[in-house]
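Enquirer: Dropping the structure in here first, questions after.
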Amino acid sequence: MATSPCSSSGVSSSSSSGFSMDTGLEIKTKSVEQTLIPLVSQITTLINHKEKPKKSDKTLQAIQRVGQAVNQAVARFVTVGETIASENRELKEEMGFACSEARRAGETIAQLTDMSIDELPDSDGQVTIFTDKTGVVKAARLLLSSVTKVLVLADRIVIKQIITSRNKVLATMEFLEKVSSFQEFVQIFSQFGNEMVEFAHLTGDRQNDLKSEKKKASMAAARAVLEKCTMMLLTASKQAQKTKDVLEDLELAILKTCQCIVDLKRELHSSATTLATDLLKYHADHMILKALKISGGEGNLEAVAEFTSKLSEQREQLAESCRLLRHVSGTEPLEITCVHAEDTFQVTGPQIVSAAETLALHPTSKIAKENLDVFCEAWESQLSDLSILVREINDVFEGKRGEKRAYLSLPRPGKHSANLKTLKPVKLDVEEQGKIAKLGLELRLLTSDVDAESEKWEDQDNELLRHGQTMSSMAYTMYLFTRGEGLLKTTQDLFHQAEVFAAAGIKLSSVLHTFSNQLEDDDKPLLLLEIEKLVPLSQQLQITARTPVQGKTATFSKVDTCIQKSKAIMMILSQVLPICCKLLRKCKAGNGCYRSTPTWRENRLQNIANEDGLEGKSVEVFGVKSLEHHVANLTFLESK
């Protein structure tokens, strides 16, 4: 027997004989589906007759009757379809072609199942026949496909009727808004009522015909709203000033309510994030975990019981905080992350308790100690993830999500690639990705610190600040790489980004030197100290990024070093920006932190000295080397 003749993606039928058919058209209504079921059933019966070379006269007559019934049904069906086509010009050609195919397929089936040809029976009264079953299957497929197309086209006409009815209602409503007298209002409202009745009948029929329960419920809700609003429209429309005043008061009340909701949302967000932040700060020292390790190593079961009770309390606090954060997360991915964080705390907590109790029973066991250490590290890692999650939720709430520009400093395909032929970019496997994930999280925290410091600057166009923000964005793309996300896909992408990041660090140190030369302040030595750290770190990162490596182990080691050096540079940047901001505020307040302005020649000579000190002879100010340096940077930054 045949399988279900209709599916969500189209109409299909199959049998043991190998007959299968899929129109590729989505059947959304029950009427179309129910119309096709008998036809599919008849064709399936026709196709599934047993493969016997000899058939009785009774069987032959049954096959012939089914074939003729299919042909007659198709003929009646096609007649209706052709009538519809003649009444709808936009579908006439498409409908006519589908009807023609259906009629041809029905006639073919009738011919192939016609057993009226003179055939001599055998001695046992049986007739030997050789039915063209392949032809029947082919014709059946064409028939079902064309019939389905006709039905779907007819369904489009129903939809067109609903849309036309809706447009009539909308047009009449527009007339209602512009009436100038009560008599005119009554006349047009009467017309509106008749059109709404027609629209209600059409949408009601369509609602009952839909297969999708979700779409059916949606249409039912919309029709219910229309029905209730239509009943209220007449009363609400009675051209007095008091009604107008009431509407204005209502709008004002709605606006106030919306504002209250916004304020409530802001307070809820603040409460949830503040609670989570305070909780993370309170447990930042991991005292409970340390106490569990000590008491477990000493075999002190009573102390272990005491601290596991405290850990369970901490777990419930963190889980509740995750639930609160979920409600203010702002995006679906962050909401999922909140749920994951809660589940992790709920699962890891009991595992730590069990591991601590095991260690208390076997205090000399290295395996038990390592087991507890592993679970404690997982707990600490989840606390770190929660800290990042809180920051990301804050970013979304403040509208900063997606504002960070991704500085992908890679050559475009086909350009400047002469030096890249020998490179073999690879992707990190799951284990390696996990190892650098922690480094990535630390880098992400530093970029957040830098971004937070950047917001404190009054002059957002300051050159120092722009360099810092650029480097923060580069570091952020490297953080995304550690998560297997973002535009950096391979290790070679990361190395290119690290090289440009290092160049930006060297450039920043030059700008910082120029800035410091204009200062006379007690904080100047502190700034110079940070600059002196920045220069060698940037140069080391440049060398590391440019050094070719061979083999998987060496490549991963290079990745690890690049992330470590970048993290160290970002740490310096997070120290430098607050110092510069403080110095600039002092100068603006007139505290005399600027020294007398040097002559142009002194400034130029100082810049040359700084550049030479930072990059040796690779850069000459206003010289050919400087031009080469800038062209190289353009090569890297061209893809931005």
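Enquirer: Looking at S212, S190, S180 in this structure, which one is within 21 Å of I157 (Cα to Cα), open to solvent by 40 Å² or more (accessible area, probe 1.4 Å) and either polar (S, T, N, Q) or at pLDDT below 80 (or both)?
Expert: The match here is S212.
Enquirer: Moving on to the next point. Show the residue pairs meeting these rules: Cβ distance below 8 Å; 6+ apart or different chains; first residue within the range 146-158 and closer than 22 Å to V70 by Cα; second residue among the polar types (S, T, N, Q) and open to solvent by less than 40 Å² (accessible area, probe 1.4 Å).
Expert: T148/T23; K149/T23
Enquirer: Please go through the range 509-544 and give me each residue that is open to solvent by less than 10 Å² (accessible area, probe 1.4 Å), of a type in the set (A, V, I, L, M) and under 16 Å from K567 (Cα atoms), ordered by number.
Expert: Once the filter is applied, which keeps residues that are open to solvent by less than 10 Å² (accessible area, probe 1.4 Å), of a type in the set (A, V, I, L, M) and under 16 Å from K567 (Cα atoms), the range 509-544 yields I531, L534, L541.
Enquirer: Considering (1) in contact with a Cys (Cβ under 8 Å, 6 or more places away or on another chain); (2) part of a helix (DSSP H, G or I); (3) open to solvent by less than 70 Å² (accessible area, probe 1.4 Å); (4) within 29 Å of G399 (Cα to Cα), say which one S329 fails and leave the rest.
Expert: It fails just one condition, (2).
Enquirer: OK, next. So for the range 536-553 (the condition being assigned to a helix (DSSP H, G or I), over 22 Å from L443 (Cα atoms) and of a type outside the set (D, E)), does at least one residue qualify?
Expert: yes
Enquirer: Have a look at L528, L439, L464 and point out the one that is in a helix (DSSP H, G or I) and within 26 Å of Q382 (Cβ to Cβ).
Expert: Checking each option against the conditions leaves just L439.
Enquirer: Follow-up question, since we're still on this one. Quick one: which of S190, S146, S180 is among the polar types (S, T, N, Q) and not in a helix (DSSP H, G or I)?
Expert: Exactly one of S190, S146, S180 is among the polar types (S, T, N, Q) and not in a helix (DSSP H, G or I), namely S180.
Enquirer: Let me ask something additional. When you scan the range 294-310, how many residues do you find that are surrounded by fewer than 20 Cβ atoms within 10 Å (Cβ to Cβ) and assigned to a helix (DSSP H, G or I)?
Expert: Result for the range 294-310: 9.
Enquirer: All but one of (1) modelled with pLDDT under 90; (2) over 29 Å from the mean Cα position of the chain (by Cα) hold for T544, so report the exception by its number.
Expert: The single condition T544 does not satisfy is (1).
Enquirer: Of all residues in the range 237-256 being loosely packed, with under 10 Cβ neighbours inside 10 Å and assigned to a helix (DSSP H, G or I), which is modelled with the lowest pLDDT?
Expert: Q241
The values are calculated or read from the model by the stated rules, or taken from the named source; none is laboratory data. All values derive from a computational prediction rather than experimental measurement. All Cβ positions, glycine included, derive from the backbone under ideal geometry; neighbour counts span all protein chains shown. Remember, those area values only see protein heavy atoms, side chains included, never the ligands or the DNA or RNA. Shrake-Rupley method; radii C 1.70, N 1.55, O 1.52, S 1.80 Å.
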